[in-house]
Amino acid sequence: MTNFVLTTTSLTTILGAATLLAALSAFAANDSIARGEYLVYAGGCISCHTEDRDNAVPLAGGRALETPFGTFYPPNITPDVATGIGSWSDEDFLNALWEGVSPEGKDYFPAFPYTSYTGVSREDLLAIKAYLFSLDPVAKESPDHELKWYISTRLAAGAWKALNFEPARFEPDRLRDPQWNRGAYLVRHLGHCGECHTPRSVTGVLETGREFSGSKLGEEKVPNISPDRAAGIGRWSESDIEYFLDIGMLPDGDFAGSSMVDVIEDNTSHLTRDDRRSIAHYLKSVPPQPSPGD
């Protein structure tokens, strides 16, 4: 039987290895948090989950979202246990964004764009969660939704999902280049551009046959971002689009207005130039569409 003698050298080696593993673990966690912060900007989380007032706490919820079905108030997504998502597990988080289901098993209304987030990768969603859980918790309840009677129950949300929603992850198109696929992922899923820029039917379903042709949010007209030369951005170069997403300036020298200001300030201006170029590259590739009513 061999006796194991713990020498000073071996103890030092063991402690050194343990310290290295701890350091690597901390580095990996910090890297995930930093990546998650970037993805929170890319996912447009701040614009919807931050109240529209001066000195509002980012991501603490309460912003009023006006729709034809009533007013939705996005929730607090800071890690407060009582009023935020502090008690959520990884699977709770994934189910919410992939399946549109709360930890309590309740169906979310599609004002929460899980219909787009369903395509986001597990790795990206868990990085977003890591960043959100690194924030200071904020104890703040969001108001109840103020909805029309026929859609005011979670039963209605479940029925809508059963008819109109099929969860699926993004699958790259092998016939397309990496820039196109990155753009498709950002536009169609993480950035969910179509949720605002695509018209909806009377039941709130995105009309995919008129994708990116523009819509209305309350009284606000959301522009056509398809490459239609008359109604959309067909006359814009990819550089024009990238520059607009960076600082909000249109090719004619004017600047973005309405809710697009928030999108640029809280989302696209924080992206890398390569990601903005990928968005531009993808948008220039989709079928041109006339605006609704044209």
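The values are calculated or read from the model by the stated rules, or taken from the named source; none is laboratory data. For clarity, every value in this text was computed on a predicted model and none was experimentally measured. We place every Cβ from the backbone using ideal geometry, glycine too, and count neighbours over all the protein chains shown.
Counting just the residues of the range 214-244 that are outside any loop (DSSP other than H, G, I, E, B) and among the β-branched types (Val, Ile, Thr), which one comes out farthest from SER278 (Cα to Cα)?
The extreme case among them is VAL222.
Scan the range 96-133 for residues that are aromatic (Phe, Trp, Tyr), part of a helix (DSSP H, G or I) and under 17 Å from ALA162 (Cβ atoms) and jot them down.
TRP98, TYR114
Among the candidates THR50, THR8, single out the residue that is of a type in the set (S, T, N, Q), more than 27 Å from ILE279 (Cα to Cα) and either outside the structural domain of LYS148 (by TED's automatic domain parsing) or modelled with pLDDT of 90 or more (or both).
THR8
Just the residues that are at pLDDT 95 or above and in a strand (DSSP E or B), please, taken from the range 245-259.
MET249
When you scan the range 245-289, how many residues do you find that are without any contact (Cβ under 8 Å) to a residue 40 or more places away in the chain and of a type in the set (Phe, Trp, Tyr)?
1
Would you pick out the residues in the range 197-213 that are touching a residue at least 60 places away in the same chain (Cβ under 8 Å) and part of a helix (DSSP H, G or I)?
ARG210
Got at least one residue in the range 176-194 being outside any loop (DSSP other than H, G, I, E, B), in contact with a strand residue (DSSP E or B) (Cβ under 8 Å, 6 or more places away or on another chain) and either of a type in the set (A, V, I, L, M, F, W, C) or at pLDDT 95 or above (or both)?
Taking every residue of the range 176-194 in turn, at least one turns out to be outside any loop (DSSP other than H, G, I, E, B), in contact with a strand residue (DSSP E or B) (Cβ under 8 Å, 6 or more places away or on another chain) and either of a type in the set (A, V, I, L, M, F, W, C) or at pLDDT 95 or above (or both).
Quick test for you: out of ASP136, ASP144, pick the one residue that is in a loop (DSSP other than H, G, I, E, B), in contact with a Ser or Thr (Cβ under 8 Å, 6 or more places away or on another chain) and not hydroxyl-bearing (Ser, Thr, Tyr).
Just a single option satisfies the conditions, and that option is ASP136.
Among the residues of the range 251-282, write down those that are aliphatic (A, V, I, L, M) and out of contact with any Ser or Thr (no Cβ under 7 Å at 6 or more places or on another chain).
Those that are aliphatic (A, V, I, L, M) and out of contact with any Ser or Thr (no Cβ under 7 Å at 6 or more places or on another chain): ALA256, MET260, VAL261, ILE264, LEU271, ILE279, ALA280.
GLY253 versus (1) on the phi > 0 side of the Ramachandran plot; (2) in contact with a strand residue (DSSP E or B) (Cβ under 9 Å, 6 or more places away or on another chain); (3) surrounded by fewer than 13 Cβ atoms within 10 Å (Cβ to Cβ): which is the lone unmet condition?
Result: GLY253 fails condition (2) only.
Scan the range 260-294 for residues that are more than 18 Å from ARG188 (Cβ to Cβ), among the small types (Gly, Ala, Ser) and either assigned to a helix (DSSP H, G or I) or touching a Cys at 6+ places or on another chain (Cβ under 8 Å) (or both) and report the count.
1
For the range 33-90, how many residues meet the condition of being of a type outside the set (A, V, I, L, M, F, W, C) and either assigned to a loop (DSSP other than H, G, I, E, B) or touching a Gly at 6+ places or on another chain (Cβ under 6 Å) (or both)? Steps first, please.
First, the residues of the range 33-90 that are of a type outside the set (A, V, I, L, M, F, W, C): 35-38, 41, 43-44, 47, 49-55, 58, 61-63, 66-68, 70-71, 73-76, 78-80, 83-84, 86-87, 89-90.
With either assigned to a loop (DSSP other than H, G, I, E, B) or touching a Gly at 6+ places or on another chain (Cβ under 6 Å) (or both) added as a condition, the list becomes 43-44, 49, 51-55, 58, 62-63, 66, 68, 73-76, 78-80, 83-84, 86-87, 89.
Summing the residues that are of a type outside the set (A, V, I, L, M, F, W, C) and either assigned to a loop (DSSP other than H, G, I, E, B) or touching a Gly at 6+ places or on another chain (Cβ under 6 Å) (or both) in the range 33-90 gives 25.
State which residue pairs qualify: first residue surrounded by fewer than 18 Cβ atoms within 10 Å (Cβ to Cβ) and inside the range 90-116, second residue among the acidic types (Asp, Glu) and part of a helix (DSSP H, G or I) in any location, beta carbons under 9 Å apart, and separation of 6 or more residues or different chains.
Close Cβ pairs satisfying both conditions: SER102/ASP92; PRO103/GLU91; PRO103/ASP92.
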